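The values are calculated or read from the model by the stated rules, or taken from the named source; none is laboratory data. Bear in mind the structure is a predicted one, so any value in this text is a computation, not a measurement. Counting neighbours? That spans all protein chains shown, and the Cβs are built from the backbone with ideal geometry, glycine included.
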Amino acid sequence: MKKHVLNLLLAFLFVAGTVAQENRLGDEPVSSSEIYHHIEKLGFLGSALFIAAHPDDENTRLIAWLDNEKMARTAYLSLTRGDGGQNLIGPELREQLGMIRTQELLEARNIDGGEQFFTRANDFGYSKDPEETLDIWNKNEVLSDVVRVIRKFQPDIIINRFDHRTAGTTHGHHTSSAILSVEAFNMVSDKNAFPAQLKYVDTWKPERLFFNTSWWFYGSEDAFAKADKTNLLQIDNGDYFSSTGYSVGEIAALSRSRHQSQGFGSSGSRGSSTEYLEFLEGSFPTDKTDPFSGINTTWTRVDGGKKVQSQWETVLSNYDFKNPASSLDNLLALRKEISSLSDGYWKNVKLGEVDKIIKELIGLYAKAYVTQPYATSGESIQLNLELANRAIDKLNYQINNNAAVYFEKAAGSISNNTSITVEGTLNIPSDQAPTSPYYLEKDGSLGMYVVDDPNMIGIPEAAAAFQVPVILTFGDQKIGMSLPVIYKTTDRVRGEIYEPFHVVPALSISIENPVYIFKDKEKREITVSIKAYDDLLNVFILAETPPNWLQDKIRRASFNISKGQTMSYKFYVYAPNESSEGEVTVYATSGNKKYDQEVININYNHIPDQQLVRPATAKLVNPGLSNLAQTVAYINGAGDDVATAIEAIGSKVFKFEPSEVPSDLSKYDAVVVGIRAFNVEPEAMANLQNRLDTFVKNGGTLVMQYNTDRGIPSDALGPLEISLSRKRVTDENAAITFLYPENKVLNAPNKITQQDFEGWVQERGLYFPEKWDPAFEPILGMNDKGESQTKGSLLVAPYGDGHVVYTGLSLFRELPAGVAGAYKLLANMISLSKNRPNLETKQDQKF
């Protein structure tokens, strides 16, 4: 696929990679050296689990070292999917950002060789202490998930990324991940701990628990140098793989660079490098340079494994790099020895690895694909199975037809260096649900996702809905595989592309805006777009509004719509003559079926295309709001939807990249700078300083949203000096003090009251300034429990004939959530210069 072009190249370039979690679009080609490395790994029976809180918390260098140098089965358990973070590549936030980061983690693991797990914890945003975190998460449920993953993965060693003893010194999620890991370490072997899990997993006893420490946790390199290192393992993980030309550090950087939504592109490091592991519990290693030392990691740890060990050594010693297929007979003999073992964890793991290596040895190409990206329930489409045998005389195959897949020619043989394509049919069941993340199927809470099927808990994503079962025969041995049905196409520029195949509803309904802001009794137009994924007859479009809101019905007779066709409809909603919030739902009927869902596609070049199907609803809010800013220039930052919110309150918005801002800004009432613009485009924003200065002096309003404190000097943020800090208020219900209640930003054109700070989501704000030019007035005071009050969340200063505003308030979260008070405050900010005394007559202007 378009994203996997890079992964294909990586597969050829650094062959130190291991047999990682199976690629969701099927196996990728491997080189002779990589096959040999996979055979080497068959001889190591040890596993390691790395535990932290978020995507990007993992130490990719350590994971790459454990998997590629130690050859251990390695996995990362991220307690959350990163839903509460920011997005540097697009507007997606919350659950859609979690979908992106889930895929970024899977791409990272495909590079460094690890596997990936999650809990049901929802990343609700920054938390300052684990007590708050574990209360919002539901500690017992997340702990049960950690125990379940450990029991399922059965690691010999567990490595925590964070310190469980230092609450309050880092993100509460971070400390919580370590606290839960320490608690789980001794629970997983107790049959009385979460006994319901034992229907699906067995108890397990990890050998030892570590904390992946560094000088950073000691405050300075000098403090770390003086620290007692009796319990510390010192590991050189700068290994260089001469067969590939890549070091562990380079593989780790390629892996970390998959976290593109967080801007974590990394340069590879070369040469010796040291990691430190602090021993916490279990048996102390016999060698302080090897976390597995003292643990039997050979085949002799398994009953009957001595014969397997001997046969594995035969495969390894007779491997021919020029002709890997010559090892097939020896590898089949090894497979038979492993199959003869009593059922158990390592038998199943190593059989899976052997089967994968056998397919690699014979140069097998196997893809099950369709030539359309989606289908609807009840639809039947052509299905193709392409098989290629590129290394042995003859390959016998058999397809196991089922209710979903049918091939008339279900068996055959393929001669050497031959590719065949077998045509079949994919039958989508009439009750097949649309493709959407399994953990989003039901509404969760602030801190937890709902997953009813215990077998799904912990896994990154559901398996492909449709798979083609194929059996390969090698003498008296049969190797089964399930090929996910994917979408295959050829692009004139990119060439052959693979993407996931999705099931969609026959009709997608999309409301233009997620939130509509009204004034009293106002009539607002709502635009609805529909897209047909199948031919439908006698379609009716209807809308439902809250009881105290009125609507003009969508007046249109029934219509027919063809597959691929899109249509738009408009109707009006009337707000009540009072503050009110509600939800509008739009749906369609055709025959006896109702369609009330929106299909959202997420497309980025570094991850597989994703699909989310959710109810077609929008929020209706009447905050009693006036807005005087008629035209607004919006300078894009790291990705937010604030410009849409400004349009929603009646301003005409012109969006610009920082490098494309026009030289003359005089026609705009306000210029609003997107989140983190000074971080992601420092040079371009620096070039705008003079223009912004002139704009404000001449009567404009400049509103700057939050930036991080990383590398921004105090004179870089607009006309007046501002020094950022890492201060934030994470309690979205924290009390608010009006420090200057007479300031215009709290009074005109909308009166701001304490009620306007009710219903906020996730947080109050972040990265508040700690010092500022005396011209600024700090408007709001706030603090989290047990902390001193911060005053830098909203700063307003007159400057020339205009105004400068800096705010760390999380408007980028509150506005998409439809928080009425945030809209009123935003309207006041962008209207500041319009509130000058000589323009008071415009107070009555309504958007």
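With the condition being surrounded by fewer than 16 Cβ atoms within 10 Å (Cβ to Cβ) and out of contact with any helix residue (DSSP H, G or I) (no Cβ under 9 Å at 6 or more places or on another chain), I'd like the strands (runs of 3 or more DSSP E) fully within segment 684-801 carrying at least 2 qualifying residues.
722-729, 765-772
Here's the yes/no breakdown for (1) in contact (Cβ under 8 Å) with a residue 60 or more places away in the chain; (2) surrounded by 15 or more Cβ atoms within 10 Å (Cβ to Cβ); (3) among the hydroxyl-bearing types (Ser, Thr, Tyr):
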| site | (1), (2), (3) |
| --- | --- |
| Gly378 | no, no, no |
| Gln382 | no, no, no |
| Ala388 | no, yes, no |
| Ala391 | yes, yes, no |
| Lys394 | no, no, no |
| Tyr397 | yes, yes, yes |
| Asn400 | yes, no, no |
| Glu408 | no, no, no |
| Ser413 | no, no, yes |
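Output the residues belonging to segment 86-106 that are touching a strand residue (DSSP E or B) at 6+ places or on another chain (Cβ under 8 Å), among the charged types (D, E, K, R) and part of a helix (DSSP H, G or I).
Passing the criteria: only Glu95.
Between a residue in segment 195-218 that is in the same structural domain as Ile63 (by TED's automatic domain parsing) and any residue that is modelled with pLDDT under 95 and among the small types (Gly, Ala, Ser), which pairs come within a Cβ distance under 7 Å, given they are 6 or more apart or on different chains?
Tyr218/Ala227
Residues being farther than 28 Å from Glu758 by Cβ and loosely packed, with under 12 Cβ neighbours inside 10 Å: count how many of those fall in segment 541-569.
8
Enumerate the pairs (first residue in segment 492-506 and without any contact (Cβ under 8 Å) to a residue 60 or more places away in the chain; second residue anywhere and surrounded by fewer than 21 Cβ atoms within 10 Å (Cβ to Cβ)) with beta-carbon separation below 6 Å, excluding pairs fewer than 6 apart on the same chain, so at least 6 apart or on different chains.
Once the first residue is without any contact (Cβ under 8 Å) to a residue 60 or more places away in the chain and sits in segment 492-506, its partners that are surrounded by fewer than 21 Cβ atoms within 10 Å (Cβ to Cβ) give Glu496/Thr490.
Sort out which residues of segment 158-172 are more than 20 Å from Ile459 (Cα to Cα) and not in a loop (DSSP other than H, G, I, E, B), and write them in order of number.
The answer is Gly172, and nothing else.
Give me the residue from segment 261-272 that is surrounded by fewer than 18 Cβ atoms within 10 Å (Cβ to Cβ) and touching a Phe, Trp or Tyr at 6+ places or on another chain (Cβ under 9 Å) and, out of that set, modelled with the highest pLDDT.
By that ranking, first place goes to Arg270.
Determine if segment 41-58 includes at least one residue that is at pLDDT 95 or above and in a helix (DSSP H, G or I).
yes
Being touching a Gly at 6+ places or on another chain (Cβ under 6 Å) and in a loop (DSSP other than H, G, I, E, B) is the filter; apply it to segment 67-81 and report the residue that is surrounded by the most Cβ atoms within 10 Å (Cβ to Cβ).
Residue satisfying both the conditions and the ranking: Arg81.
Do you know which of the residues in segment 51-62 that are touching a helix residue (DSSP H, G or I) at 6+ places or on another chain (Cβ under 6 Å) and within 19 Å of Arg208 (Cα to Cα) is surrounded by the fewest Cβ atoms within 10 Å (Cβ to Cβ)?
Ala52
Hey, does segment 229-243 have a residue that's closer than 27 Å to Pro130 by Cα and part of a helix (DSSP H, G or I)?
No, every residue in segment 229-243 fails to be closer than 27 Å to Pro130 by Cα and part of a helix (DSSP H, G or I).
Run down Ile428, Ile459 and say which single residue is in the same structural domain as Asn384 (by TED's automatic domain parsing), in contact with a Gly (Cβ under 7 Å, 6 or more places away or on another chain) and modelled with pLDDT of 95 or more.
The match here is Ile428.
Out of Leu507, Leu440, Leu426, I need the residue that is farther than 19 Å from Leu612 by Cβ and surrounded by 15 or more Cβ atoms within 10 Å (Cβ to Cβ). Which one?
Leu426
Give segment 638-655 a look and list any residue that's under 10 Å from Gly674 (Cα atoms) and either assigned to a helix (DSSP H, G or I) or over 27 Å from the mean Cα position of the chain (by Cα) (or both), or say none.
Val642, Ala643
Quick one: which residue in Ser310, Ser317, Ser243 is surrounded by 14 or more Cβ atoms within 10 Å (Cβ to Cβ) and among the polar types (S, T, N, Q)?
Residue meeting the stated conditions: Ser243.
In contact with a Pro (Cβ under 9 Å, 6 or more places away or on another chain) and surrounded by fewer than 20 Cβ atoms within 10 Å (Cβ to Cβ), is that true of Gly172?
In short, no.
Taking segment 604-629 as the region of interest, how many residues are of a type in the set (S, T, N, Q) and modelled with pLDDT of 95 or more?
Residues that pass the stated criteria total 3.
From the list Glu598, Glu583, exactly one residue is touching a Ser or Thr at 6+ places or on another chain (Cβ under 8 Å), assigned to a strand (DSSP E or B) and over 19 Å from Thr566 (Cα atoms). Which is it?
Glu583
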